[in-house]
Structures are given as structure tokens and as C-alpha cells.
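Participant: Structure provided below as C-alpha cells; questions to follow.
The values are calculated or read from the model by the stated rules, or taken from the named source; none is laboratory data. Remember, it's a predicted structure, so these values are computed and weren't measured experimentally. Note that each Cβ is placed from the backbone with ideal geometry, even for glycine, and that neighbours are counted across all protein chains shown. Heads up: the accessible areas ignore ligands, DNA and RNA and are worked out on the full protein's heavy atoms, side chains in. Shrake-Rupley method; radii C 1.70, N 1.55, O 1.52, S 1.80 Å.
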Amino acid sequence: MQLSDRLETISRLDENQKKALKKLNLFSVHDLLFHFPVRYSDISEVRQIAELVTGETATIYGKISKLKTKKGYHSKIPMGEGEVTDLSGKIKITWFHQAYLAKMLHDGESVKLTGKVTTGKNGIYLANPEFETTTNLPIDSHNTLFNKEGFSNAGFSFPFYQESRGVTSKWFYHTIEKILRGKTLDNLQDYLPSEILKKYNLPTLKTALIWIHKPKNKDDAEMARKRFAFEEVFFIQLERQHNKLEYRKNKSFLIQSDKNEIEKFLKRFPFSLTDSQEKSIETILSDMTRTFPMSRLLEGDVGSGKTAVAATAAYVAVQNHSQAGYMAPTEILATQHFESFIQYFKHLPINIGLITGSGCRKFPSKVDPTGWTNISRAQLLKWVSSGEISILIGTHSLIQKTVKFKNLALVVIDEQHRFGTTQRMKLVRKDKIAPHLLSMTATPIPRTLALTIYGDLDLSLLSEMPSGRKKIITEIIAPNQREKTYENIRIEMTRGRQMYVICPRIDEPDPEKELALNVKSAVAEAKRLKKEIFPEYEIGVLHSKMSKEKKEKVMQDFTNGKLNILCATSVVEVGVNVPNATIIIIEGAERFGLAQLHQLRGRVIRSNHQAYCYVFAEAKSEKTIQRLTALKKARNGFELAELDLSLRGSGELGGTKQWGISDIAMEAIKNLKMVEAARIEALRLITEDPELSKYPLLKSRAQEKTGEFHFE
Ligand code: ADP
Ligand code: MG
């Protein structure tokens, strides 16, 4: 058997299995080996069904089927029934008086059950078990990964894998065991340099693969996971460091700044800078005096004043007779920035351009020197390439090939989570001159994550808000305070303020699929509020499944006050700016990450009116309360992001979805030491051997994993 063998050649697969494997992106033996368990259980504590003994209270894991409800034959009491199957056998389960429990589960779901083993007329069954579904929770929480009841140092552990209809953990377990028993791994070479393995005491690839799928004990499994977590972060670091060096090989425009001139420019802002704005400007201007291009990330909460920093950098570029570009994620934002830049630069003899999908503009207009005018794209491009337009603001179209600058010295990239290497390389000119890059983001992320995904960027933080901002009053509302809270809100509403109501779901849950009947949906909540609570107000709905036109219409109606209340999903998280909306209700808050809650709350800090955030949570676990209290107390988004990371389980980190890194890498992100080690080693290798020519295996594995290496 070879690593490259296709799965159908080593195991007979039916159509369902083929489909399932395709869905999980598993095609070869190699793929399967790298499909890691998400959790383990230990048979010494979690019982196998075949071994259950009458009278004991036991926990079992298995698949549930034959669910039904009925009335007891003699007693007529309502009952729920089902059957649970694991590797060893099956057992009946019965809930007396609680028939509805059978309706909360669905045939085919994976469950963890704890109940009393009882003998009845028709054999043994598990009586009134507590249960938890595990199907859609690949790693249900960091704790259960190695949790006490599920795992101990003694004995063998049964791995649980991310499943798909057709392939179960049992299937993975047996198929992988077959591979491990063969000689496939014998000649497997490790791509990690052996000195790194030694230094950090990490198992070799072969050992780690065996340990992760078939650990003898908890320590082995943890060591294996540690190795794979380390390598993921290490690969990302290698790629980022390599690309950073690569970009730095280019030349840049030397930008000299004149302190007095800058002072004068800053005086024109209707406010004085915060300390962190000043510090960031200083660092950026000093970066720009170097002969190689800057790659810097400016991180600061919504409203921390990133635009002023960017405008100052643009001013200095323009003073040096070169050009600046400013890229925004949406047309609305690009247009807003165009208007602010006109205010900042109107006293100077320069032209400012705007380029978006819906047209181009130039300031100043010939006819009216205080205003802008529409111009054709062709005309704009001509003026950009001749250098007559000094500052060009736009959406992504700004970096298209057709846009040629005469001497582009600075590119500001606003709110683009990661401006990938490929995009960046497009900015390098034929003569190897590249612009200074300033990326900006309002998404506060923990330091370890920033070091990893932004490893190719230098970081500056805006850690404080401009003075005089009123702190949003955040209240965590107990269910019995709901009515009273609505009355308080009504007082604000009668003053003409507007409100967001954020719900975790778009629509009513599909009863076939969802257990979570308690979770509010935007559509239903809008109806309920109109009918029961705020009949006097106009209420709109906004969510991601609506057409672009509908969304825009609703936003417009909310912006100009036609709608008083907007019931929305978390789509309002970015870029929505309605200063008169000063109240936000967040329903089902336990379902959002802290950072996301913070972003949502940021929607109502747009004016001088006191803003309110009311947080409703259904679940009242210790953890939920801890998290929500953090939201109330934290001084800024970074503090919250750190807290969020430490409070969340690894399965809730959502690495792939949010940051484009795997869940196992997110486990590493929780560990500052590991991230720093990966960074130090990556930096060392790349400095010694920028193209990794001495490490061909490592290079190809890293390329495979990150897909973003850029070689000449
Ligand atoms: P963001 O960091 O979210 O991009 P902006 O740059 O849009 O924030 O700034 C938000 C608002 O705060 C703007 O109206 C801006 O003029 C104002 N502002 C920026 N810096 C300061 C400051 N130091 N003091 C007071 N207001 C400021
Ligand atoms: Mg901004």
C-alpha cells in the first residue's frame, strides 16, 4: 500500500461512502492519515455496550436509531424509546414520562448517553438517559477533547472523527488501523528538520501519525497533536516570512518627511491625535524613509481613528511628488473616504480620484473648485498614469492591471482581512519598485493569531479611543427582566433613537434538522416585536439570504429613519453606519464569539448620544456568564479577543472559517510559547536558506499546506 493509493483500491466503498469521502475531501491513503480524530474516548471509563451490567450507571457513545414515542401498555404513561449502537453491540433506551426527549433526537445521530442499565421483560435497556448529541460538534469543547470522563492515562482510547453520512468513526477507525498495520509508514520521511523535533521534543511524523489515531494513552495523543499543531503554524510562518523577504527585495520610493509640514497638516484635523495615533504615524513615516517597501498592519477598534493615520501617510507621499492609493472593501466605504479625503486635502493643489464599479470621480471639478465631478474611466486612468491624480481611492479595481500609476509610493488597504501575497505581488513594477503597504483592520485578534496570520507584516496598534467618547452601557439581561428592558428601550425610542435587534438565525429552525428551538430568528422576532412589543414602530428585517437590492433598500430605509427597528442577523457586523441607532439588542448572545459581540456592539458608538447594548442569553452556564461579563468589562477589543480565545474550546475557534487556518492550528494559537517557537524557527530557516533549497520535503509540504509561496 502506498500513501498515494486511492481509497477505493484499499477498501471496498459503496456509493454513500464515496460521496461522503468526497465531501470530506478524502481521496488517498495520505488524506485519510491526515484526517485526525477530533476527540477520544476511553473504554476504561466510557463503556462498550456489550459489557454493560445491570444496575450500573454508565456512559456510552453510539448512533441512535428507531426513535419513537408511545404510551405504556398497561400504565398508559407516555414513553420515548430508541436504540443505540456502538462498535460492540446495541442496547434499547427508554425514557418514561419524557416522550418528548425522543423527539429532540433524530435517527442516525451520534450521541453520548448516561443512564442506568436496567433489566426488563425484553432484556436490558438504558433507563432515562441524559444525552448529548455529538454529530455536529466535531470537537465539542476543548475539555472533552481529553476530558476526564472520556479519557484517562490507562487503557486504549477510541477515536472520534469528523463524520459524514456514510462514513462513521467506526469506519475511519478500522480503515486507518488497516493502513497502520501495513508497511505503508515504514519508509515515510519526515518533512520537519530533525533538529527542530529534538529541540522541542516532538515525535517524528510516523510516530505522530500512529499516536494521533491509536494513542496508547493521553500523553501520546497530546504529543502527536502538539506536533501537528506546531507544524501547521510553522508552515504558515515559513510562507509568511519567505514572502516578507521576497517583497522586501524590491525597492521603494524614498519618502522624506518634514516635521513642520506634518504638524501643519495635523492641525487641520478638528481634533488632536491620541497618543497611539501619534506613535503609529511616527513608525509609519520612519518605515517610509527606508529603501525597501513597508509592509505594516495597523490594528485598531472601530472608531479608533485609523483614517487620520492613513491620510497623514498619504499626505507625506504626495508631498514627495508621488502617488497614494487607498483601497476600501465596498463602494460605499470608498465613496465615504473620497469625501473625507477631500476635506483633508482641499487646501492643497492636488487632484483626488475615485474609482469604483459604478463610475469614476475627480476632485476638484473644473467648474466648481470646491466640489467633485464625474469623469470617464478612460480619462481617470489617463490622469492616474500621467501622475496628475495624486491620491486614488477605490475598491478592488484599484489594483487591476489596467490601473497604471506614474509613481505609486503608498497603498493603503482598509479592512481587507488578509491582502494575500499574490495580490501584493501585482503591485511590484517591472523595474522592481514596489509601494509601501499599509493594511488596516478593526478586527481585534489575539496576539498569537496576529503573529501567525500576519507574520509577513509589522504590527502597529491603536490601543485607545479618542477621548470624550461615551462608553456604551452594556447590560446582561436575565430572562425575567425582558419586559422591563423593553420599557426602558421604549423611553429611548420615543426620543427618536433607533434600534438594532440581532438574532442568531435567519428563519425558524427546520424541525427536521435542528434541536435549537429556543434560538431566535430575525424573521420571527421582527413579527413578534411588531405584534407584541412595539406595534407603534416600523420594523425591518436584514439577513444574508436577501438579494443585494433588498438589503440596500432596507439599509437605506433604516438610515433615513423610515424604519425604527432593524431585526438582523450578524450581517450588520461590518461597515454599517447609522449614527441615530443607539440601541442594540443581541439575542442568543451565547452563540456569538466575544469578538463578534464586540463588533456588533460597535454599531452603536457612532454619535454623541449615550448608546446601549442589551445582551440576552438563554444558556446560563458558568462559561456563558463569564464571557458576557467580560464583554461588559473589557476596555478594548484586544483584551476581549484574548479572553475569547482563552474561554473558548478548540472546536469553537472556527479557524478555517474565519482565518483560513485549520482547527488544529487554532489549538496551537492558544499557546503563546508554541507560536513563538514556530516563529523563531521559521525565521531562522528562511534567513539561512530563503528558498528552502536544503529542505525540499519541507518546502513542498509547506507549499501544499499554504498554497501561497511565491517564487520567482
Ligand atoms: P476607524 O479606525 O474605525 O477607521 P475613523 O478613522 O473612521 O475610525 O474615525 C472615526 C471618527 O473619529 C471619525 O469621525 C474621525 O474624524 C474621528 N477621530 C479620529 N481620530 C480622532 C481623535 N484623535 N479625536 C477625536 N476624534 C477622532
Ligand atoms: Mg475605517
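Participant: Rounded to a whole number, what % of the accessible area of the stretch 1-61 do carbon and sulfur atoms account for, probe 1.4 Å?
Facilitator: 46
Participant: Which FRET efficiency, nearest 0.05, do ILE473 and GLU56 yield, Cβ-Cβ r, R0 56 Å?
Facilitator: 0.60
Participant: Of the peptides 622-631, 582-591, 528-537, 326-335, how do they stack up when ordered by the mean number of other Cβ atoms within 10 Å, highest first?
Facilitator: The packing order, highest mean first, is 582-591, 326-335, 622-631, 528-537.
Participant: Could I ask something else about it? Using a 1.4 Å probe over the heavy atoms of the protein chains, calculate the carbon and sulfur portion of the accessible area of the stretch 161-318 as a whole percent.
Facilitator: 49
Participant: Something else: Around PRO696, with a cut-off of 14 angstrom between Cβ atoms, what is the net charge of the other residues, counting Lys and Arg +1 and Asp and Glu -1?
Facilitator: Overall, the nearby charge balance is -1.
Participant: Here's another thing I want to ask about it. When a/c is below 1.5 the answer is rounded, else prolate if a/b is larger than b/c, else oblate, so apply that to the stretch 473-635 with a ≥ b ≥ c taken from the square roots of the Cα gyration tensor eigenvalues.
Facilitator: Here the stretch 473-635 falls in the rounded category.
Participant: Another one. Can you give the FRET efficiency for GLU177 and SER397, using 1/(1 + (r/R0)^6), R0 = 56 Å, r = Cβ-Cβ distance, to the nearest 0.05?
Facilitator: For R0 = 56 Å, the calculated efficiency reads 0.55.
Participant: If amide hydrogens are placed 1.01 Å from N in the peptide plane, which non-local residues have theirs closer than 5 Å to the one on ASP458?
Facilitator: SER295, ARG296, LEU297
Participant: Under the 0.36 nm per residue contour assumption, what length would be gained going from the current alpha-carbon distance of THR687 and GLN416 to full extension?
Facilitator: So the chain would gain 94.7 nm between THR687 and GLN416.
Participant: Give me the extension gain from ASN374 to LYS90: residue separation times 0.36 nm, minus the current Cα-Cα distance, reported in nm with one decimal.
Facilitator: Contour length minus Cα-Cα distance gives 94.9 nm.
Participant: Shifting gears a bit: Taking a probe of 1.4 Å, how large is the accessible area per residue of the chain, in Å²?
Facilitator: Heavy-atom accessible area per residue stands at 47 Å².
Participant: Per-residue HN-Hα couplings for the stretch 458-475, Karplus 6.51 cos²θ - 1.76 cosθ + 1.60 at θ = phi - 60°, whole Hz, x for Gly and Pro?
Facilitator: 8, 9, 10, 10, 9, 9, 10, 9, x, 5, x, 5, 7, 5, 5, 7, 10, 10
Participant: Rounded to a whole number, what % of the accessible area of the stretch 473-635 do carbon and sulfur atoms account for, probe 1.4 Å?
Facilitator: 50
Participant: To continue, here is another question. Need the list of lysines near LYS68 for cross-linking: C-alpha distance under 18 angstrom, and skip anything on the same chain fewer than eight residues off.
Facilitator: Answer for LYS68, where 18 Å is the Cα cut-off: LYS76, LYS90, LYS92, LYS103, LYS513, listed by chain and number.
Participant: For ARG469, what residues show an amide H to amide H distance below 5 Å, using hydrogens built from the backbone and excluding near sequence neighbours?
Facilitator: Close amide H contacts, sequence-distant or interchain: none at all.
Participant: Taking the Cα centroid of the stretch 452-503 and of the stretch 227-253, what is the distance between the two, rounded to the nearest whole Å?
Facilitator: 37
Participant: Sticking with this one: Rolling a 1.4 angstrom probe over the protein chains, ignoring ligands and nucleic acids, what is the accessible area of PHE230 in square angstrom, nearest 10?
Facilitator: 10
Participant: Are there trypsin sites (Lys or Arg not before Pro) in the stretch 321-414 that DSSP puts in a loop and that have at most 10 other Cβ atoms within 10 Å, and which ones?
Facilitator: Within the stretch 321-414, the qualifying trypsin sites (Lys or Arg not before Pro) (loop, at most 10 other Cβ atoms within 10 Å) are LYS366, LYS401.
Participant: Next question, about the same structure. Using 1/(1 + (r/R0)^6) with R0 = 56 angstrom and r between the beta carbons of LYS545 and LYS264, what's the FRET efficiency to the nearest 0.05?
Facilitator: Between LYS545 and LYS264 the formula returns 0.65.
Participant: Let me ask you something else. Sort largest first and round to whole Å: the equivalent ellipsoid semi-axes of the chain, each the square root of five times a Cα gyration tensor eigenvalue.
Facilitator: Largest first, the chain gives 51, 36, 21 Å.
Participant: Okay, moving on. Straight-line reach from LYS251: which lysines have a Cα under 21 Å away, not including same-chain ones fewer than 8 places off?
Facilitator: LYS401, LYS404, LYS406, LYS426, LYS430, LYS432
Participant: OK, next. What shape does the stretch 246-326 take by its C-alpha gyration tensor, where a ≥ b ≥ c are the square roots of the eigenvalues and a/c under 1.5 counts as rounded, a/b above b/c as prolate, and the rest as oblate?
Facilitator: Taking the square roots of the gyration eigenvalues as a ≥ b ≥ c, the stretch 246-326 is oblate.
Participant: Let me ask something additional. Determine how large the accessible area of ARG47 is when every protein chain is in place; take a 1.4 Å probe and give Å² rounded to the nearest 10.
Facilitator: About 60 Å², ignoring ligands and nucleic acids.
Participant: Along the stretch 376-384, what does the Karplus equation 6.51 cos²θ - 1.76 cosθ + 1.60 (θ = phi - 60°) give for ³J(HN,Hα), rounded to whole Hz, x for Gly and Pro?
Facilitator: Those phi angles translate into 6, 4, 4, 5, 4, 4, 5, 5, 5 Hz.
Participant: Kindly write out, for the stretch 392-407 in residue order, the coupling ³J(HN,Hα) from the Karplus curve 6.51 cos²θ - 1.76 cosθ + 1.60 (θ = phi - 60°), rounded to whole Hz, with x marking Gly and Pro.
Facilitator: Listing the rounded values in order: 10, 10, x, 8, 3, 4, 4, 9, 5, 4, 5, 8, 10, 9, 7, 8 Hz.
Participant: If you don't mind, another one. Students sometimes get this wrong: rank ASP456, ASP14 by accessible area, probe 1.4 Å, all chains present, largest first.
Facilitator: ASP14, ASP456
Participant: Still on this model: Going highest first, how would you order 673-683, 179-189 by mean Cβ packing within 10 Å?
Facilitator: 673-683, 179-189
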